[in-house]
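Inspection log for the structure reproduced underneath, given as C-alpha cells.
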C-alpha cells in the first residue's frame, strides 16, 4: 500500500469521489454478470452515456454549487434499469430497486473503509432518477434539474436528435450557456 501525498489528501477532502468509484465497480460487476438478448440501446452506448453524463454532471455541479459526487452518483444510476435489463420502458421509476440494491451492497462492502451513502442521499438520487425523463417539468430540487439538464446535453452530444417540444433543446442550450459556449442547439 502506498502513502498518499498531502496534496492528494487535500484534493480528496475537497472533491471526494471514492464512493462513486466503488459504485462504478459494482455496476461493472453487475453488467458483466448480465446477459440481455435484446436491447433498446446498445450496451456500449449505455455505458458511454453513463460515464459521460457523470463527468458533465460533476463539472456542472461545481458550477452550480451542488455536491459533485452526489451529481455523479445520480448520473451513474440514472439509466441503470436500461443498462441491466435492456429496457427503456419506465426506466426512471424502475431504477429504484437497482439503485437501492447497489447502494446496500456498497454500504455493506465498504462499511469500515469509506463513508456510507446515506438514506437521504439515496432517496434524493432515486427521486431525481424517477422523473429525469420529464424534461419539460421544473423541479425545486437542484439534483433533479441537474440530471435533466445533463441527460439532455449528453444525448445531443452523442448525436441524438431531440424530438420537437421534448424539453431537451432548451435544457441543452442552458448548459451550453452556463459553460460559456457560444452555440445554440436548433430544432
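Computed from the coordinates by the stated procedures, all read-outs in this text should not be read as laboratory data. Remember, predicted model here, so these are calculated numbers, not experimental data. Don't worry about glycine lacking a Cβ; one is built from the backbone with ideal geometry, like all the others, and counts go over all protein chains shown.
Quick one: what do you get for region 16-178 if you divide its Cα Rg by 2.2 N^0.38 Å? Please report the intermediate quantities before stating the final value.
Numbers: Rg = 15.0 Å, N = 163, 2.2 N^0.38 = 15.2 Å.
Ratio of Rg to 2.2 N^0.38 Å for region 16-178: 0.98.
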key: Label point 7 Å beyond Cα of residue 104 along Cβ direction - residues of region 117-142 with amide nitrogen under 14 Å   = 119
request  = With a cut-off of 17 Å, note down the residues of region 83-121 whose backbone N falls inside the zone around a label point 7 Å from the Cα of residue 18 toward its beta carbon.
outcome  = 106-118
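Against the empirical 2.2 N^0.38 Å scaling, what ratio does the C-alpha Rg of region 64-157 come to? Please report the intermediate quantities before stating the final value.
On the way: Rg = 13.3 Å, N = 94, 2.2 N^0.38 = 12.4 Å.
Rg over 2.2 N^0.38 Å, computed on Cα atoms: 1.07.
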task = State, to one decimal in nm, how far the label point of residue 97 lies from the label point of residue 116, with both points 7 Å from Cα in the Cβ direction.
result = 2.5
query = Of the residues 104, 165, 21, which exhibits the maximal mean-square fluctuation in a Gaussian network model of the chain defined by a 10 Å Cα contact cut-off?
reply = 165
message = If I model a spin label as a point 7 Å beyond the Cα along the Cα-Cβ vector, how far apart are those points for residue 174 and residue 30 in nm?
response = 2.8
